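Everything on this sheet refers to the single structure shown next.
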Ligand code: SF4
């Protein structure tokens, strides 16, 4: 198979461009733990508050991240 370097670079760049982030407003979080139950690979509980695991959310965890945010009863999670 003939490889086309230009397309390989585009594909590589696309993978690197997936930079979803989740931010939890610690003041708003009531510590219910729902986000961590729904998406344990994205959110975890620390001292009765939820935190995001890692700096960025990989593409394979994007749906879980959104589901966790959707479940938050006080809308403390912002996905960008
Ligand atoms: S679902 Fe919302 S309120 Fe509950 S722990 Fe997660 S961020 Fe906090």
Notebook entry, point to check: How many of the residues making up the range 1-37 are more than 8 Å from the ligand (Cβ to nearest atom), part of a helix (DSSP H, G or I) and modelled with pLDDT of 95 or more?
Noted result: 1
Note to self: Which pairs turn up if I take residues in the range 32-50 that are free of Cβ contacts under 8 Å to residues at least 60 places away in the same chain and at positive phi and look for partners that are surrounded by fewer than 15 Cβ atoms within 10 Å (Cβ to Cβ) and part of a loop (DSSP other than H, G, I, E, B) with beta carbon separation below 8 Å, at least 6 apart in sequence or on another chain?
What the structure shows: 48/31
Next item on the list: Consider only pairs whose beta carbons are under 7 Å apart and that are at least six residues apart or on different chains; among these, list those whose first residue lies in the range 61-80 and is at negative phi and in contact (Cβ under 8 Å) with a residue 40 or more places away in the chain and whose second residue is more than 12 Å from the ligand (Cβ to nearest atom) and part of a loop (DSSP other than H, G, I, E, B).
Entry: 80/21
Item checked: Filtered residues of the range 45-80 (kept if touching a helix residue (DSSP H, G or I) at 6+ places or on another chain (Cβ under 6 Å) and over 22 Å from residue 18 (Cα atoms)) -> 45, 50, 71, 72
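What residue, among those in the range 38-56 that are more than 10 Å from the ligand (Cβ to nearest atom) and over 15 Å from residue 66 (Cα atoms), is modelled with the lowest pLDDT? Break it down stepwise before answering.
If we filter the range 38-56 for residues that are more than 10 Å from the ligand (Cβ to nearest atom), which is where we start, we get 40-42, 46-47, 53-56.
Keeping just the survivors that are over 15 Å from residue 66 (Cα atoms) gives 46-47, 54-55.
Values: 46: 97, 47: 94, 54: 94, 55: 91.
Once the filter is applied, the top-ranked residue is 55.
The values are calculated or read from the model by the stated rules, or taken from the named source; none is laboratory data. Quick caveat, the model's predicted, so the values are computed rather than measured. Here the Cβ is made from the backbone with ideal geometry for all residues, glycine too, and neighbour counts use every protein chain on show.
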